[in-house]
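Engineer: One structure, pasted below without further comment.
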Amino acid sequence: LGGQFQDLSGRSFCHNCEQGQFQPGEGLSVCIPCGVGRFQNGNGTTICKLCTAGKFQGSTGSDSSCVDCPVGHFQDDAGKSE
């Protein structure tokens, strides 16, 4: 299933990807960290969420929502890192 991985052979189960990671495919051995401008606060997901306009996320693998732009700055596009 997507959102899961198994890094050892011969196992009959997979692990959910942790928060801050995703896995869009099946049968893979690792999860992918969310890129900048995205986050994932759930486990076992196939996508990362985009930051909304007015917010940003400058870190990869973020498990927390995006942060507000500082006073005097703005961001009118979604999915930005600054």
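The values are calculated or read from the model by the stated rules, or taken from the named source; none is laboratory data. On a predicted model such as this, the values are computed, not experimentally measured, just so you know. Don't worry about glycine lacking a Cβ; one is built from the backbone with ideal geometry, like all the others, and counts go over all protein chains shown. Heavy atoms of the whole protein, side chains included, go into the accessibility calculation; ligands, DNA and RNA do not. Shrake-Rupley method; radii C 1.70, N 1.55, O 1.52, S 1.80 Å.
Engineer: Taking the structure as given and computing Kirkwood radius over Cα pairs in Å, which label from (1) 16.7; (2) 17.5; (3) 13.2 fits?
Structural biologist: It is the one labelled (3).
Engineer: To the nearest 10 square angstrom, what accessible area does Asp76 show with a 1.4 Å probe?
Structural biologist: It works out to around 110 Å².
Engineer: Here is a further query. When the accessible area of the chain is split by element with a 1.4 Å probe, what percent falls to carbon and sulfur?
Structural biologist: 51
Engineer: If you don't mind, another one. Tell me, what is the percent relative contact order of the chain, built from C-alpha pairs under 8 Å that lie six or more residues apart? The partial results should precede the final answer.
Structural biologist: Numbers: 236 pairs, mean separation 22.5, N = 82.
Once normalised by length, the contact order is 27 percent.
Engineer: For Lys49, what residues show an amide H to amide H distance below 5 Å, using hydrogens built from the backbone and excluding near sequence neighbours?
Structural biologist: Residues meeting the amide H criterion: Phe39, Gln40.
Engineer: Please compute the per residue accessible area over the chain with all protein chains in place, 1.4 Å probe, rounded to a whole number of Å². It would help to have the intermediate numbers written out before the result.
Structural biologist: Values: 5190 Å² over 82 residues.
With all protein chains present, the chain gives 63 Å² per residue.
Engineer: Still on this structure: Might you work out the accessible area of His73 for me, using a 1.4 Å probe with all protein chains in place, and round it to the nearest 10 Å²?
Structural biologist: So the heavy atoms of His73 present about 130 Å² to solvent.
Engineer: Tabulate in residue order the Karplus-calculated ³J(HN,Hα) for segment 52-65, using 6.51 cos²θ - 1.76 cosθ + 1.60 with θ = phi - 60°, rounded to whole Hz; enter x for Gly and Pro.
Structural biologist: Those phi angles translate into 7, 4, x, 9, 8, 9, x, 10, 8, x, 6, 10, 10, 5 Hz.
Engineer: Around Gln75, what is the net charge, scoring Lys/Arg as +1 and Asp/Glu as -1 over all other residues with Cβ under 13 Å from its Cβ? Intermediate results must be reported in sequence, preceding the final value.
Structural biologist: Working: positive: Lys55, Lys80; negative: Asp68, Asp76, Asp77, Glu82.
The answer is -2.
Engineer: Provide the solvent-accessible area of Leu8, counting protein heavy atoms only and rolling a 1.4 Å probe, rounded to the nearest 10 Å².
Structural biologist: Accessible area, nearest 10 Å²: 90 Å².
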